[in-house]
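Chemist: I have a structure here, written as structure tokens, and I will follow up with some questions on it.
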Amino acid sequence: MLDVRRLRLLRELQVRGTLADVAAALQYSPSAVSQQLTLLEKEAGVELLRKSGRRVQLTPQAEILVAHTAEILETLERAEADLSASLTTVTGTVRLAVFQSAALALLPDMLTSMARDYPDVRIEMTQREPETALHDTWARDFDLVVAEQYPGHAAPHHPELDRVTLTTDAIRLAVPLASQATRIEDTATLPWVMEPRGAASRHWAEQACRQAGFEPDVRYETADLQAQIRLIESGNAVALMPDLVWTGRPPALTLLELPGLPRRTVFTSARRASLSRPAILACREILEQTARRVAG
């Protein structure tokens, strides 16, 4: 009989790539992970790992086991969700990943409402960029993610995750109050602030500028939207900003409409096997109520 815990380690190795990453994610030592996988090889009676430089690679037989392990883990997760759903009290821990503007706009009211309506649910929130958060939720590091998708820029899809739209918000050009700019073309010679390369918002903003006929002069890079706002309000930069960032904070700058009136989509994702967990259903319910109040 194959040990499910060891099978999970094998799947984690496929997902994370190295023994060190598996050990860090599961709080084991690399040697302990290696020993367990060696025992799994003995149980299976076939070679599962091969050396490739300093790394190890999964054999075709290991890939077969990983595919079955994913099904086993989904079945176990559905069983846990159904067991939780049979209880009369909504309890448990929800590990939530959320990007910065959603954390600022939605999380304070959401957490207050959860504490009032579902006091036995513990929320553990971590700020993550959407692309990373979706992968980490698929990898079972998180239970629920609040992510974003820019127009014409699809967020990564993972077949084990669902996707439910939470809200949409307009994206506008933010310029200092003293600026003479009235449209995006007027900012061709102005300094820009954007998120670091690789972020969906950065790619989208660069494309918007190029479609307007210029390459943006990106002098400042920061993932901190509050820092971006300060740079704009102080007259040192311009940027493209989604409306959600102004929740509870009237902007001391000028917001200009963009061609086509683009909107960003904010959505939640969870593993399909966990969808019946009452704690996840409660989080989504409260998030949706909060998003409606913010949009309203």
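Chemist: Restricting to the stretch 1-34, what's the tally of residues that are assigned to a helix (DSSP H, G or I) and either within 24 Å of the chain's Cα centre (by Cα) or surrounded by 13 or more Cβ atoms within 10 Å (Cβ to Cβ) (or both)?
Modeler: 23
Chemist: Also, I was wondering about something else. Taking Glu148 and the conditions (1) buried (at least 18 other Cβ atoms within 10 Å of the Cβ); (2) out of contact with any helix residue (DSSP H, G or I) (no Cβ under 7 Å at 6 or more places or on another chain); (3) within 18 Å of Trp246 (Cα to Cα), which numbered condition does it fall short on, given that it satisfies the others?
Modeler: Against the list (1) buried (at least 18 other Cβ atoms within 10 Å of the Cβ); (2) out of contact with any helix residue (DSSP H, G or I) (no Cβ under 7 Å at 6 or more places or on another chain); (3) within 18 Å of Trp246 (Cα to Cα), Glu148 comes up short only on (2).
Chemist: Taking the residues in the stretch 13-55 that are modelled with pLDDT of 85 or more and of a type in the set (Lys, Arg) as candidates, determine which candidate is nearest to Leu134 (Cα to Cα).
Modeler: Residue satisfying both the conditions and the ranking: Arg16.
Residue-by-condition table, conditions (1) of a type in the set (Gly, Ala, Ser); (2) in a strand (DSSP E or B); (3) in contact (Cβ under 8 Å) with a residue 24 or more places away in the chain; (4) farther than 27 Å from Val245 by Cα:
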position: Ala103; (1), (2), (3), (4): yes, no, yes, no
position: Leu106; (1), (2), (3), (4): no, no, yes, no
position: Met110; (1), (2), (3), (4): no, no, yes, no
position: Ser113; (1), (2), (3), (4): yes, no, yes, no
position: Glu124; (1), (2), (3), (4): no, yes, yes, no
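Chemist: Could you go through the stretch 171-179 and let me know if any residue there is charged (D, E, K, R), assigned by TED's automatic domain parsing to the domain that holds Thr268, in a loop (DSSP other than H, G, I, E, B) and at pLDDT 95 or above. Full working, then the answer.
Modeler: Restricting attention to the stretch 171-179, the residues satisfying the condition of being charged (D, E, K, R) are 172.
Next, from what is left, pick out any that are assigned by TED's automatic domain parsing to the domain that holds Thr268: 172.
Those left that are additionally in a loop (DSSP other than H, G, I, E, B): none.
Scanning the stretch 171-179 turns up no residue that is charged (D, E, K, R), assigned by TED's automatic domain parsing to the domain that holds Thr268, in a loop (DSSP other than H, G, I, E, B) and at pLDDT 95 or above.
Chemist: Still on this structure: Within the bounds of the stretch 261-282, is there any residue that is under 22 Å from Leu177 (Cα atoms) and either modelled with pLDDT of 95 or more or not aromatic (Phe, Trp, Tyr) (or both)? First the steps, then the outcome.
Modeler: As a first pass, look at the stretch 261-282 and keep what is under 22 Å from Leu177 (Cα atoms): 261.
Applying the additional criterion that residues be either modelled with pLDDT of 95 or more or not aromatic (Phe, Trp, Tyr) (or both) yields 261.
Within the stretch 261-282, one or more residues are under 22 Å from Leu177 (Cα atoms) and either modelled with pLDDT of 95 or more or not aromatic (Phe, Trp, Tyr) (or both).
Chemist: For the stretch 191-217: of the residues being of a type in the set (A, V, I, L, M, F, W, C) and more than 25 Å from Ala147 (Cα to Cα), which is surrounded by the fewest Cβ atoms within 10 Å (Cβ to Cβ)? I'd like the intermediate steps shown before the answer.
Modeler: Here is the first cut: in the stretch 191-217, the ones of a type in the set (A, V, I, L, M, F, W, C) are 192-194, 199-200, 204-205, 208-209, 212, 214.
Next, from what is left, pick out any that are more than 25 Å from Ala147 (Cα to Cα): 212, 214.
Details: Ala212: 17, Phe214: 13.
Checked the stretch 191-217; the qualifying residue surrounded by the fewest Cβ atoms within 10 Å (Cβ to Cβ) is Phe214.
Chemist: List the pairs whose first member sits in the stretch 199-218 and is free of Cβ contacts under 8 Å to residues at least 24 places away in the same chain, whose second member is of a type in the set (A, V, I, L, M, F, W, C) and buried (at least 17 other Cβ atoms within 10 Å of the Cβ), and whose Cβ atoms are under 6 Å apart, counting only residues at least 6 apart or on separate chains?
Modeler: Going by the 6 Å Cβ cut-off, the qualifying pairs are Arg202/Met194.
Chemist: The conditions are (1) assigned to a helix (DSSP H, G or I); (2) touching a residue at least 24 places away in the same chain (Cβ under 8 Å); (3) in contact with a helix residue (DSSP H, G or I) (Cβ under 9 Å, 6 or more places away or on another chain), and His135 fails exactly one of them. Which is it?
Modeler: Going through the list (1) assigned to a helix (DSSP H, G or I); (2) touching a residue at least 24 places away in the same chain (Cβ under 8 Å); (3) in contact with a helix residue (DSSP H, G or I) (Cβ under 9 Å, 6 or more places away or on another chain), His135 breaks only (2).
The values are calculated or read from the model by the stated rules, or taken from the named source; none is laboratory data. Quick caveat, the model's predicted, so the values are computed rather than measured. As a convention, Cβ positions derive from the backbone with ideal geometry for all residues, glycine included, and neighbour counts pool all protein chains shown.
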